[in-house]
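Student: Dropping a structure here in structure tokens format, bear with me for questions.
What follows draws every value from the coordinates through simple rules; no lab data is involved. As the structure is a prediction and not an experimental result, all values here were calculated from the model. With ideal geometry, Cβ positions are generated from the backbone for all residues, glycine too; neighbour counts draw on all protein chains shown.
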Amino acid sequence: MEEFLKGIALPEYQSDAHARQLRAQVLSRLQTSRAGRGAGSWWKIAALVLGLLGAGALAREVIIQVHHYYFQGQTRGGLYVFGIATKEGGTNHPSSDMALVGGNLDAAGIEQKRKDFEELDALKQRNARELVGVTDTQVKGNPPVRMFFFKYVLADGRTSTLAERDLEGDPQQVVNLRQRGQREILKVTEEKVAGQRRRMLTCRYVLSDGRAITIPETDPQQPGPLPLTTEQQWELAELEYINPGKGKFLGSEQVQMLGRSVTLQKHSFTLSDGTVVLQSEAQLDPSKRELTAAQTGELYRLSAANQGETLETYEQEVMGKPFKFTRANYVLSDGTEVTQSIGKPGGER
Amino acid sequence: MTLPQCLENFTEGAEEERALVLAAQRDTAAAGQLFDKYYPEIFRYVYHSTLDHAVTEDLTSNVFFSAFRHLGLFRWRRIPFRAWLYRIATNEVRMHYRRQKRISAANAGDVDPELSGAVSSADTLAAERDDYRLLQRALLGLGQKYRTVIVLRYFEGKSLSEICEITNKQEGTVKSQLHRGLAQLKDALLRAGLTLP
């Protein structure tokens with residue numbers, strides 16, 4: 001048998017064009033990353049998922065980077081995953097970015113959604129969209145976090161409203177704040193798989209207008225990467241952020257971290273292929289936090305049912321457009337106090 | 001095809017690789033050299049595992065995007081950079097076949113995508129001989145873990161220690177997987193009518 005295998009003539013394939021294009025793509029991304037964009041791109045998966053949940057039923061899709069979309073499959077929770085590739089020289093180069101969609105789609109629906117994403121991408125690149133909503137969500141004692149809602153009109157007349165954590169006008173602020181060390185570390189999350197570790201810091205930056213942007217960033221002390229494929233990463237992100245109940249609680253431990261005593265919560269997550277990921281997480285200062293995915297969902301339900309205490313209405317300009325905001329207080333089932341301002345264009349209710 | 005020396009006996013090469021990775025973390029030109037060094041063998045490995053031109057290009061792209069995404073923060077771990085790249089590539093191939101199975105399940109009645117994707121591609125027909133075609137079909141009938149170690153050992157010329165680093169298994173486990181995989185492969189080829197030397 002060994003003789004047969006050693007003597008077999010293997011077919012070969014080379015593609016100089018692919019090698020050149022991939023090399024250019026990889027080095028371009030490397031240079032962009034080193035130019036100060038900061039956090040690695042894997043966090044976009046987490047931000048994507050959080051953004052999806054934060055939008056509630058207003059919008060079920062979140063787009064980060066757009067070019068060519070292709071259907072990758074369904075998550076264990078039933079979300080449809082579309083991979084995103086950039087087109088260069090007629091060849092698609094898959095990226096680590098993706099879009100998640102809820103609902104119940106058949107094959108035709110999946111293909112229509114794919115086409116819709118590509119069309120929405122083109123509209124976004126041209127800024128052919130209308131800002132139709134803004135929400136500012138503030139956990140008591142913390143700065144507010146803003147979400148933008150954009151309406152897109154497709155060629156066939158259908159409309160789609162997407163929730164986006166748009167950093168328009170903000171990226172350079174975040175870069176500057178990061179370079180000056182002006183950030184708060186809210187949470188430390190460490191993952192371990194196959195003996196390799198990666199530590200993520202949930203960092204909050206407070207912008208000049210008082211609102212905050214929270215970005216997960218790799219800890220230079222334990223940057224990883226983890227030996228996970230793109231598909232494994234989004235399965236892990238889904239388990240951690242959408243179905244955290246699927247994790248197995250392993251216990252908690254008091255440890256010293258970043259100059260203080262914190263409580264480390266330990267969980268394990270098992271992927272569909274049997275890969276086990278151990279997660280340890282510590283909230284550094286319980287008073288400094290944002291809503292979890294579950295809390296965000298609960299807040300949306302309370303808001304939709306008008307179960308908050310209305311505080312005030314006010315007007316504010318957002319991206320050059322006047323908005324009327326209604327601010328209300330909510331108390332979640334776990335006692336968390338949240339203030340949310342929902343803004344509609346002009347005097348619209 | 002020649003077998004490379006065992007990594008434990010190739011300390012000069014390991015240091016050279018480490019120096020290149022460290023340089024690539026600081027300098028984009030060095031990162032380009034790192035890419036040039038490993039692209040051909042990763043591409044070849046993925047192709048031997050899938051026998052599909054388009055899939056090979058997509059999966060190879062995934063491997064390098066994944067690896068270089070954190071290159072600037074990469075710290076030397078228990079395994080060399082090359083072995084780590086192969087590990088990512090092995091996972092990409094495995095996930096590819098899992099996705100193919102899911103798509104096949106959603107479109108009931110289609111030909112087994114593993115077989116059709118690997119064998120009937122118009123790009124590969126010109127290069128296939130009957131015995132290799134039978135071999136590939138038989139390989140696809142094995143479990144993923146057996147297929148991986150056989151491809152790494154006999155198509156990519158990896159040593160046992162390299163396979164251990166790539167698959168993150170002990171040497172005894174790899175030997176056992178090779179032994180069982182070859183036995184199953186032999187049975188499959190004999191049932192297919194192939195005469196073995």
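Student: Going by average Cβ density within 10 Å per residue, which order do the peptides A:212-220, A:316-324 take, highest to lowest?
Tutor: Working: A:212-220: 18.2, A:316-324: 13.3.
Going from most to least packed, we get A:212-220, A:316-324.
Student: Can you compute the modelled spin-label distance between A:Leu207 and B:Arg98, with each label point 7 Å from Cα toward Cβ, in nm?
Tutor: 3.7
Student: With each label point set 7 Å from Cα along the Cα-Cβ vector, what nm distance links B:Thr28 and A:Lys6?
Tutor: 4.7
Student: Taking R0 as 25 Å, what's the FRET efficiency between A:Thr263 and A:Glu309 from their Cβ-Cβ distance, rounded to 0.05? Intermediate results must be reported in sequence, preceding the final value.
Tutor: Values: r = 32 Å, r/R0 = 1.27.
The formula returns an efficiency of 0.20 here.
Student: Mind checking the mean number of beta-carbon atoms from other chains within 10 Å of the Cβ atoms in B:148-161?
Tutor: Numbers: counts 0, 0, 2, 1, 0, 3, 7, 4, 1, 1, 0, 0, 0, 0.
Mean partner-chain Cβ count within 10 Å for B:148-161: 1.
Student: If all Cα-Cα distances of segment A:237-349 are sorted into 10 Å bins from 0 onward, what percent lands in each bin, rounded to whole numbers?
Tutor: 12, 28, 28, 20, 12, 1
Student: A follow-up question, please. Considering every residue in A:221-228, what mean count of other chain Cβ atoms within 10 Å of its Cβ is obtained? Don't skip to the end; give the middle numbers.
Tutor: Details: counts 2, 2, 5, 5, 10, 2, 9, 4.
Mean shielding by partner chains, rounded to a whole number: 5.
Student: Which whole-Hz ³J(HN,Hα) couplings does segment B:35-42 yield from phi under the Karplus relation 6.51 cos²θ - 1.76 cosθ + 1.60, θ = phi - 60°, glycine and proline marked x?
Tutor: 4, 4, 5, 9, 4, x, 6, 5
Student: Next question. Please list the non-local residues whose amide H lies under 5 Å from the amide H of A:Thr292, H modeled 1.01 Å from N, same-chain partners needing a gap of 5 or more.
Tutor: none
Student: Return the loop-located trypsin sites (Lys or Arg not before Pro) in segment A:171-242 (DSSP other than H, G, I, E, B) with at most 11 other Cβ atoms within 10 Å of their own Cβ; answer none if there are none.
Tutor: Here the sparse-neighbourhood loop sites are A:Arg180.
Student: Now, a different point. What percent of all Cα-Cα pairs in segment A:309-349 falls into each 10 Å bin, going from 0 up to the bin containing the maximum distance?
Tutor: All Cα pairs considered, the percentages come to 31, 42, 21, 6.
Student: Please arrange A:Leu228, A:Leu258, A:Leu284 by counting, for each residue, the other beta carbons lying within 10 Å of its beta carbon, fewest first. Provide the component values of the computation, followed by the final result.
Tutor: Values: A:Leu228 25, A:Leu258 11, A:Leu284 18.
Fewest-to-most Cβ neighbours within 10 Å comes out as A:Leu258, A:Leu284, A:Leu228.
Student: Hey, which of these cross-link pairs are over 24 Å Cα-Cα: A:Lys266/B:Lys175; A:Lys113/A:Lys344; A:Lys187/A:Lys324; A:Lys124/A:Lys344; A:Lys151/A:Lys344; A:Lys124/A:Lys288? Spell out each step's value before the answer.
Tutor: On the way: A:Lys266/B:Lys175 35 Å; A:Lys113/A:Lys344 27 Å; A:Lys187/A:Lys324 33 Å; A:Lys124/A:Lys344 21 Å; A:Lys151/A:Lys344 13 Å; A:Lys124/A:Lys288 34 Å.
The pairs that break the limit, which is 24 Å between Cα atoms, are A:Lys266/B:Lys175; A:Lys113/A:Lys344; A:Lys187/A:Lys324; A:Lys124/A:Lys288.
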